[in-house]
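See structure below.
The values are calculated or read from the model by the stated rules, or taken from the named source; none is laboratory data. What you are looking at is a predicted structure, and each value in this text was computed from that prediction instead of being measured. For neighbour counting, all protein chains shown are included, and Cβ atoms are generated from backbone atoms with ideal geometry for every residue, glycine included. The accessibility values were calculated without ligands, DNA or RNA, using every heavy atom of the protein model including side chains. Shrake-Rupley method; radii C 1.70, N 1.55, O 1.52, S 1.80 Å.
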Amino acid sequence: MTDHLTRGELLKRAAAGSTVLTIPGLLAACGGTTKKSAASGGSKQLAKTLTFSNWTLYIDNTKQGHPTLEQFQKKTGVHVDYKEDINDNATFFGKIQGPLSRGQSIHRDIIVMTDNSRYPSLLIKKGWLEKLDKSAMPNFKNLLPVQRHPSWDPDRDYSLPWQSGMTGIAYNDTLTDPITSIPQLLEDKKLKGKVTVLSEMADGLSLVMLANGDDPAKVTDATFDRAMKRLQKAVDNGQIRQFTGNDYSGPLAKGDLKAAMSWSGDIVQLQSSNKHLHWNIPDDGCDIWTDNMLFPKGGNAFTASTYMNFVYDPKIAAKIEAYVNYICPVLGAKQVLLKTDPAIAKNTLIFPTKKMLDNVHVIDPAALSNEKYLTAWQNLVGA
């Protein structure tokens, strides 16, 4: 998920032309501290309440509530105050940076932010996160090996994945032949004016760099400039209709677009009502991003670690995955779903094959904080 990604139900509504949901900000009163946060530090005692901020529609959900949260409360006695108050990384960071910079609690024990934005890395550098209490996390061993050593948190001292997704190419098979490469997306004249590219720099830059034969994990001025020139040419000749967040979903589902640079989880959701939509990893590879659970300073790290351990039980992870449909980071969840929901377990956009994972890349975190690159990118997508 990137800065503008919302969840499956929002996609379905957008595809149907319905009004988009809006989630009000719930962090207006961030200042000050609470008894819980002031005493949390290195405590090994469970708090009465765990406050968890997440993106919308990103956990198992029924009309009655969230079954896994209720199961956690029954098991531990800890009530989860679950808030769907993250709409994008930048806006949420803007709400929390003031209190955290002043050493104040934001009254959250867990927040979820995306690693192809610069914010998880920045939170670590600022010293605004608590470390995981791994003594409370025997299920940490269930983390997928490919996720264990990200460059911005090499030993996963401060983070644990919630869900992941891949950035690739979606297309509508009633309007075009399969689209399998970025050069095809950006240069095939049959697609002119009927394609979109993602507005998040990590997504667009990574895929074009890979198509150029460059490594997005090591962005240089030269490789950045090559990617930008290729994109600028596609803008200037009208190949790219626009740069988007997940608002490509409605036009793609309706047939107003032939193809779009897109997120894997979006297409899983859209395919439930439109079987003509397909998603490919580009021939030269794609990028992968992860939404990470983080512990902000002032929260209760022991209670949060206990919850993390709970959701890394494969049976619990499978229940969450059956609703969320993004890439599950928990070993063993697929085996559970093979028995309970084989269609999800066999969907390679949810449980990618080793071959697929061998062809994914992670953006250079230094590039995400390079002001020169960020300014040039905004000038491109905002033109």
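Tabulated data
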item: Cα principal axis extents for region 213-268, largest first, Å; result: 38, 28, 17
item: The chain: calculated mean residue ellipticity at 222 nm from DSSP helix runs of at least 4, using -39500 (n - 2.57); result: -10500 deg cm²/dmol
item: Percentage relative contact order, region 225-383, counting C-alpha pairs under 8 Å, at least six apart; result: 22
item: Stokes-Einstein D for region 203-309, Kirkwood Rh over Cα pairs, 37 °C, 0.692 mPa s (µm²/s); result: 196
item: Per-selection Rg to Rh, region 70-150 - Cα, Kirkwood hydrodynamic radius; result: 0.98
item: Placed amide H near residue 255: partners under 5 Å, 5+ positions off or other chain; result: none
item: Computed log₁₀ I(q)/I(0) - Debye formula, equal Cα scatterers, no solvent, region 188-229, q 0.17, 0.21, 0.29 Å⁻¹; result: -0.49, -0.68, -1.00
item: Probe 1.4 Å, accessible area per residue of the chain, Å²; result: 41
item: Cα pair distances in region 245-285, grouped into 10 Å bins until the bin that holds the longest one, percent each; result: 28, 60, 12
item: Computed over region 145-263: relative contact order in percent, which uses C-alpha pairs under 8 Å that are six or more apart; result: 39
item: Volume per residue of the C-alpha convex hull in region 321-383, rounded to whole Å³; result: 137
item: Relative packing of peptides 184-194, 94-104 - highest average C-beta neighbours within 10 Å first; result: 184-194, 94-104
item: For the chain: relative contact order, % (alpha-carbon pairs under 8 angstrom, 6 or more apart); result: 27
item: Ratio of the Cα radius of gyration of region 42-108 to 2.2 N^0.38 Å, where N counts its residues; result: 1.30
item: Cα convex hull of region 158-201 - mean projected area over all directions, nm²; result: 4.8
item: Debye intensity ratio I(q)/I(0), log10, region 259-305, q values 0.22, 0.26 Å⁻¹ (C-alpha model); result: -0.81, -1.02
item: Descending principal axes extents, region 118-166, alpha-carbon based, whole Å; result: 31, 29, 16
item: Normalised alpha carbon radius of gyration of region 142-273 [divisor 2.2 N^0.38 Å]; result: 1.15
item: Region 43-201 - Kirkwood radius from inverse mean 1/r over Cα pairs (Å); result: 19.1
item: Phi-based couplings in Hz for region 254-261 (Karplus 6.51, -1.76, 1.60; Gly and Pro marked x); result: 7, x, 6, 10, 8, 7, 7, 5
item: Computed over the chain, Cα set: Rg, Dmax in Å; result: 20.5, 63
item: Pairwise centroid distance, computed over Cα atoms, of region 185-232 with region 261-302, Å; result: 19
item: Shape box of region 280-372 [Cα atoms, principal axes, largest first, Å]; result: 50, 45, 18
